[in-house]
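Here's the structure we're looking at; comments come further down.
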């Protein structure tokens, strides 16, 4: 299987720069896998495709304001530090810019010295370990000084940082949002509860590796980034009970899929647990615990498009994407969505 097999042509004008207003006004392409029918709907129509007894699985991770802008203390040269993963209390794996000019031991100042950082070792993935120096509570300083780490294809400044958080975001730790969840409003969530669908949170902290391109032509040679996941005992029990009674497992976003498929055994039973996952789902990989998926439209040749292709078929997925381009759907993080039934 080749990476180029997952290419499609996307005009730049279709890359959404701002979210739909209101959130639930985004368009939603509904794919009926059994019949091949495609429908053009609005996200707020989602409840009409759910059934009493279904379980809707959401990722309640919260995006950190992980982008820090500062200056080298000795020269005043601008520096950008992007937090990826916490190593210990005061140290983080990061991406830094300009990387080559920031030697080990260089110190960087943020907010006129409210927060300082010492540049450390280079990681195997090409990032840097950075140790922070500060007084007070790190998270409070980050909220004050940090910015939302928007994906590289979004060029407009975010007027309201909460637009890049789901309304159910709870556990801080992501460097990017689980974007399928951005469409939900409290009204839509309540309609789903009222119809007898249980909403179950799981956790996967999204890393920036989700935006890294696949650089090898042979898909099997690609090494996935690792991300922290967690499924509680309560969540596993509710998901397994739904399947036992004939309900469907409806995953909101590819991060929920990756979490469940990591936690599930070969019989589709989801087990509680936590840890790091680098699961890579491509066509030919059997989905063990995912029945329905709501997801945004993903980058050409990306691991996320490969995951979608595993669920609905490679040719079918690319045909749906070409149809979405023709119909002017908006793409990527702030774009429209697809419901795969």
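Only the coordinates and a few stated rules stand behind these numbers; no lab work does. Bear in mind the structure is a predicted one, so any value in this text is a computation, not a measurement. No Cβ is skipped: glycine too gets one built from the backbone with ideal geometry, and neighbour counts run over all protein chains shown.
Compared with the dominant principal axis of the Cα atoms in the chain, helix 303-312 is inclined by about 10°.
Residue separation of residue 25 and residue 122 scaled by 0.36 nm, minus their Cα-Cα distance, works out to 30.6 nm of gained length. With semi-axes defined as the square roots of five times the eigenvalues of the C-alpha gyration tensor, the equivalent ellipsoid of the stretch 183-231 measures 35, 13, 11 Å, largest first. Residues within the reach of a label modelled at residue 279 (point 7 angstrom out along Cα to beta-carbon, backbone nitrogen below 12 Å), restricted to the stretch 32-60: there are none.
Consider a paramagnetic label point 7 Å from the Cα of residue 2 along Cα→Cβ; state which residues of the stretch 300-322 have an amide N under 15 Å from it. Inside the label zone: 301.
Set against the 2.2 N^0.38 Å expectation for a compact globular protein, the stretch 112-168 has a Cα radius of gyration ratio of 1.43.
Taking each residue as 0.36 nm, the span from residue 241 to residue 100 lengthens on full extension beyond its C-alpha to C-alpha distance by 45.5 nm. Beyond 25 Å, what share of the Cα-Cα pairs of the stretch 8-159 is found? Please give it as a whole percent. So the portion of pairs separated by more than 25 Å is 49 percent. Here the gap between residue 217 and residue 315, fully extended at 0.36 nm per residue and compared with their Cα-Cα distance, gives a gain of 33.4 nm.
Rounded to the nearest 10 degrees, the inclination of helix 254-263 to the longest alpha-carbon principal axis of the chain is 80 degrees. Could you tell me the calculated FRET efficiency between residue 41 and residue 9, based on Cβ-Cβ distance and R0 = 22 angstrom, to the nearest 0.05? The formula returns an efficiency of 0.35 here.
Take the Kirkwood radius over Cα pairs of the stretch 216-326, plug it into Stokes-Einstein at 25 °C and 0.890 mPa s, and you get 165 µm²/s for translational diffusion. Within the chain, DSSP assigns beta bridges of which about 70% are antiparallel (rounded to the nearest 5). In the chain, helical runs assigned H by DSSP with n ≥ 4 each contribute -39500 (n - 2.57); averaged across all residues and rounded to the nearest 500, the mean residue ellipticity at 222 nm is -5500 deg cm²/dmol. Mean sequence separation of contacting Cα pairs (under 8 Å, at least six apart), scaled by the length of the stretch 67-145, corresponds to a relative contact order of 25 percent. Considering only alpha-carbon pairs that sit under 8 angstrom and 6 or more positions apart, the relative contact order computed for the chain is 25 percent.
When the chain is treated as a Gaussian network with alpha carbon springs shorter than 10 Å, the biggest mean-square fluctuation among 107, 259, 123 belongs to 123. Put simply, when 114-120, 17-23 are sorted by average Cβ atoms within 10 angstrom per residue, most first, you get 114-120, 17-23. Once both axes come from the Cα atoms, what is the angle between helix 314-326 and the longest principal axis of the chain, in degrees from 0 to 90, rounded to 10? It works out to around 80 degrees. Taken over the stretch 134-260, the alpha-carbon convex hull comes to 174 cubic angstrom per residue.
Which stretch or stretches of the stretch 142-181 have amide N atoms under 15 Å from the point lying 7 Å from residue 114's Cα along the Cα→Cβ direction? Within reach of a label on residue 114, which here means backbone N under 15 Å from a point 7 Å along Cα→Cβ, the stretch 142-181 contributes 142-148. Projecting label points 7 angstrom from Cα along Cα→Cβ for residue 74 and residue 90 puts them 2.1 nm apart. Could you state, as a whole-number percent, how many of the C-alpha pairs of the stretch 67-145 are farther apart than 17 Å? Of all Cα-Cα distances in the stretch 67-145, 36 percent exceed 17 Å.
Enter the Cα centre distance for the pair the stretch 236-297 and the stretch 140-173, rounded to the nearest angstrom. The two parts, judged by their Cα centres, are 27 Å apart.
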